[in-house]
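Structure first, then comments.
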Amino acid sequence: MKILSLHCDYIEFKPLKKALKKIEPLSEEEKKAKRIEEVLVILTAVEKSDKNIHKIVGSLVENVEDIAKQVKVKNIVLYPYAHLSSDLALPEIAVKILQGAEKELKKNFKVTRAPFGYYKEFELKVKGHPLSELSREIKVGEEKEEKYNEKQLLREISKTKLDTSKLKDNDHRILGKQMNLFSFNETAPGMVFWHDNGLIIRNELINFWREIHKRAGYQEISTPQILDKKLWQISGHWEKYKENIFLTEYEKRIFAVKPMNCPGGMLVYKIKPKSYRDLPLRVGELGVVHRQELSGVLGGLFRVIQFTQDDAHIFCTEKQLESELVRVIDLVDIFYKKFNLSYRVELSTRPEKRIGSDKIWDKAEDALKKVLDKQSIKYKLNKGDGAFYGPKIDFHIKDSLGREWQCATLQLDFAMPERFDLEYMDKDNKRKRPVMLHRVIYGALERFIGILIEHYKGRFPTWLAPVQVRVLSFTDRNEKYAKDVIQKLEESVPNLRIDADFTPRTVQSKVKDAEIMRIPYIIVAGDKEQKDKSLAVRVKGNKKIKKMSIEKFIDMIKEEIEERE
């Protein structure tokens with residue numbers, strides 16, 4: 001690209017007629033003569049070598065801004081011209097570059113773009129100082145075409161293999177592979193590839209979460225995954241977590257791939273004025289977050305880079321605080337009892353690195369302690385382990401193997417509403433700050449699923465099981481009856497996850513495959529069952545076969561699924 005810049009008292013130009021057939025006709029306004037005074041005129045020739053539109057626009061804008069700053073102008077005219085050369089770019093490329101430069105320059109200047117592809121008459125008066133006439137050549141280094149071998153790349157990304165030699169049989173990574181729940185690949189370290197079976201479990205947990213939260217008066221939102229760096233500086237996360245945040249750049253702005261959901265929730269709160277009548281406001285988000293982790297600490301579903309947090313933020317008055325804390329504690333209890341998970345409680349207080357005054361921290365810690373004492377909840381004091389913005393109550397669950405996991409947490413925050421200038425109008429028409437509660441129950445959904453896999457040793461409750469019923473034919477002559485059974489079950493139990501194995505193998509072999517998948521109910525349809533119109537049912541790994549009518553089985557499994565037993 002070549003440019004000639006002219007610092008002028010004025011330029012006046014008027015389009016006359018098309019110079020190129022494919023150029024779109026001008027509007028009546030564009031056909032009129034234009035006069036711009038105290039102006040920097042940039043005569044621009046786009047060449048064949050200007051292939052990288054994004055980079056050439058950036059360099060053009062940078063050069064124009066540099067000259068404009070030196071000659072101190074606010075008006076710029078981008079004026080296309082064609083030097084005597086066979087090296088000119090295609091018209092469509094030239095137009096895109098001029099349009100792109102116009103868009104960028106308009107952020108700081110008043111820009112006029114003379115029409116491309118038209119003969120024009122023009123008159124200008126150039127100022128007489130040393131910088132009034134400048135020519136420049138703009139070249140952008142072209143990126144060399146990357147050479148690669150697809151087959152070699154495929155071999156490299158196919159190396160991911162799980163070393164099971166040091167893992168126990170009930171490890172979620174082994175069970176996950178056996179049951180076809182999920183996988184990992186080095187193309188996305190620490191990020192889960194959910195298979196159909198695993199996604200069923202994940203979605204059932206989400207459905208349960210949504211159902212309970214709707215009843216508890218929560219709204220659900222979803223906020224962007226990539227947000228401007230400024231937001232994280234306001235929230236305080238930048239100083240605390242910047243080493244763990246994935247960053248990207250767009251239009252010379254730095255954006256962060258969100259490591260948590262809180263700041264996005266602040267922006268949703270601020271979108272319109274709030275009154276005391278709007279509080280308490282309970283807002284939940286199943287938000288996908290990313291945090292950089294060293295590859296050496298990644299471990300299946302327990303330590304990942306990408307995960308989903310079942311966040312919720314509660315905005316309330318100080319008078320409502322105690323009742324909202326109790327509601328959250330009760331909600332945690334509902335969830336963990338559903339999965340037969342016992343838990344203990346810890347109260348974590350102010351860390352060394354924190355935001356907010358000691359007065360605010362005293363107030364927040366006293367509020368949490370008061371609620372725990374009033375509810376007669378035993379807890380361990382965990383000094384210095386609170387969040388950087390507030391103290392917290394942590395819930396440590398115990399699985400069937402006796403291991404403890406910190407999943408649910410409830411954090412009291414007076415600092416974030418201050419930082420984001422959150423307000424509500426109180427009864428006395430005075431603006432006040434809401435108190436904010438941060439809380440999760442599953443915590444990281446991926447980690448919670450890993451815990452459940454090992455807690456249940458892969459044998460999920462029926463409502464969570466990827467396949468709930470499998471029907472096996474004893475011989476080929478029983479296949480029609482087995483299909484009739486499947487049809488009746490599907491008609492009687494909405495959304496039942498049922499499949500069949502009619503392969504020409506022994507029943508023992510078919511049962512073994514079903515057991516590897518930990519399918520709760522295995523039904524065998526043989527001659528006797530066909531004659532009695534009954535079912536032979538193997539229940540949740542119990543080797544003793546139960547005989548029952550189809551109707552009884554329907555009533556049993558229907559209740560079990562509906563009640564999430």
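The values are calculated or read from the model by the stated rules, or taken from the named source; none is laboratory data. Note that this is a predicted model, so its numbers are computed, not measured. We place every Cβ from the backbone using ideal geometry, glycine too, and count neighbours over all the protein chains shown.
Among the residues of region 138-159, are any in contact (Cβ under 8 Å) with a residue 12 or more places away in the chain, crowded, with 16+ Cβ neighbours inside 10 Å and not hydroxyl-bearing (Ser, Thr, Tyr)? Checking region 138-159: at least one residue is in contact (Cβ under 8 Å) with a residue 12 or more places away in the chain, crowded, with 16+ Cβ neighbours inside 10 Å and not hydroxyl-bearing (Ser, Thr, Tyr).
In summary, strands (runs of 3 or more DSSP E) completely within region 41-127 and bearing 2 or more residues that are in the same structural domain as Leu16 (by TED's automatic domain parsing) and surrounded by fewer than 16 Cβ atoms within 10 Å (Cβ to Cβ) occur at 118-126. In region 537-547, is there at least one residue being of a type in the set (D, E, K, R), assigned by TED's automatic domain parsing to the domain that holds Ile305 and within 30 Å of Arg403 (Cβ to Cβ)? The answer is no; no qualifying residue exists. If the condition is being out of contact with any helix residue (DSSP H, G or I) (no Cβ under 8 Å at 6 or more places or on another chain) and either under 13 Å from Ala387 (Cβ atoms) or among the small types (Gly, Ala, Ser) (or both), then region 353-366 contributes Ser357, Trp361, Ala364, Glu365. Looking across region 216-232 at every residue that is out of contact with any helix residue (DSSP H, G or I) (no Cβ under 8 Å at 6 or more places or on another chain) and not in a strand (DSSP E or B), the one that is farthest from Asn261 (Cα to Cα) is identified as Gly217. So which residues in region 411-431 are at pLDDT 95 or above, among the aliphatic types (A, V, I, L, M) and part of a strand (DSSP E or B), if there are any at all? Met425 - this is the single residue of region 411-431 that is at pLDDT 95 or above, among the aliphatic types (A, V, I, L, M) and part of a strand (DSSP E or B). When Asp499 is tested against the conditions (1) surrounded by fewer than 19 Cβ atoms within 10 Å (Cβ to Cβ); (2) at pLDDT below 95; (3) out of contact with any Phe, Trp or Tyr (no Cβ under 9 Å at 6 or more places or on another chain), the lone failure is (2).
Just one of the listed residues (Lys214, Lys230, Lys252, Lys242) is in the same structural domain as Asp311 (by TED's automatic domain parsing) and without any contact (Cβ under 8 Å) to a residue 40 or more places away in the chain, namely Lys214.
Residues of region 291-300 that are in a helix (DSSP H, G or I) and aliphatic (A, V, I, L, M): Val297 alone. Residues considered: Ile200, Ile206. Of these, the only one that is on the phi < 0 side of the Ramachandran plot, part of a helix (DSSP H, G or I), within 18 Å of the chain's Cα centre (by Cα) and aliphatic (A, V, I, L, M) is Ile206.
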